[in-house]
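> Please see the structure below; I have some questions.
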Amino acid sequence: MKTEHEEQREFVQWFRQTYPATLIFAIPNGGARSSATASRLKAEGVTKGVPDLFIPAWETWVEMKRTKGGSLSPEQNLMHLHLRGLFYTVLVARGFEDAKQQIEELRNEVDEMEQGQSPKH
């Protein structure tokens with residue numbers, strides 16, 4: 001089974017090839033760090049619960065998880081609620097294929113709304 005890192009790397013590569021004019025970037029919140037590095041990053045503004053990826057032009061955050069296992073932390077749940085309250089889209093993706101499918105569905109909904117059609121739900 002692929003790690004979350006591998007799933008995210010594959011998704012970002014696909015996204016950048018598919019939407020080359022659209023910026024996507026990672027928020028490096030996770031990972032093992034020394035206590036000194038963790039303290040320095042916290043002082044710089046690193047905040048628990050922030051999703052893994054951001055697509056500014058689409059006002060969309062993406063939280064990547066492995067295809068099996070992995071759950072949202074309490075901090076992630078609270079952050080997602082906060083971001084949605086600010087009218088951002090927040091996707092929780094279980095692996096590359098799920099992330100890809102959710103992004104394609106999101107783009108289809110946006111395209112339909114731009115063409116004056118109601119989105120399919």
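> Report, in whole Å, the centroid distance computed from the Cα atoms of the range 13-49 and the range 69-96.
One Cα centre to the other: 15 Å.
> A further question follows. Which angle between 0 and 90 degrees, to the nearest 10, do you get for helix 4-18 versus the longest principal axis of the chain when only C-alpha atoms count?
Once rounded, one gets 40 degrees.
> Output the 0 to 90 degree angle, nearest 10, between the alpha-carbon long axis of helix 74-85 and the longest principal axis computed from the alpha carbons of the chain.
Compared with the principal axis, the helix lies near 40 degrees.
> Quick one: putting +1 on the C-beta of Lys and Arg, -1 on the C-beta of Asp and Glu, what dipole do you get for the range 21-103 around its Cα centre, in Debye to the nearest 20?
The calculated dipole for the range 21-103 is roughly 260 debye.
> Once both axes come from the Cα atoms, what is the angle between helix 96-114 and the longest principal axis of the chain, in degrees from 0 to 90, rounded to 10?
40
> Just give me a number: lysine pairs in the range 7-121, eight or more positions apart or cross-chain, with C-alpha atoms less than 24 Å apart.
6
> With springs only between Cα atoms under 10 Å, which of Gln17, Gln102, Gln76 fluctuates most in a Gaussian network model of the chain?
Gln17
> Have a look at Thr18, Thr60, Thr47 and tell me which one the Gaussian network model of the chain (Cα, springs below 10 Å) gives the largest fluctuation.
Top of the fluctuation ranking is Thr18.
> Further, regarding this structure: Could you give the Stokes-Einstein D for the range 45-110 in µm² per second, using the C-alpha Kirkwood radius, 37 °C, 0.692 mPa s?
267
> Dividing the alpha-carbon radius of gyration of the chain by 2.2 N^0.38 Å (N being the number of residues), what value is obtained?
It is 1.13.
> GNM, the chain, Cα, under 10 Å: largest mean-square fluctuation among Arg107, Arg16, Arg40?
Arg40
> For the chain, report the accessible area per residue in Å² (1.4 Å probe, heavy atoms, rounded to an integer).
Heavy-atom accessible area per residue stands at 65 Å².
The values are calculated or read from the model by the stated rules, or taken from the named source; none is laboratory data. Fair warning: this is a prediction, and the values are worked out from it, not measured in the lab. Virtual Cβ from ideal backbone geometry, glycine too; neighbours counted across all protein chains shown. Protein only, heavy atoms only, side chains kept; ligands, DNA and RNA dropped before computing areas. Shrake-Rupley method; radii C 1.70, N 1.55, O 1.52, S 1.80 Å.
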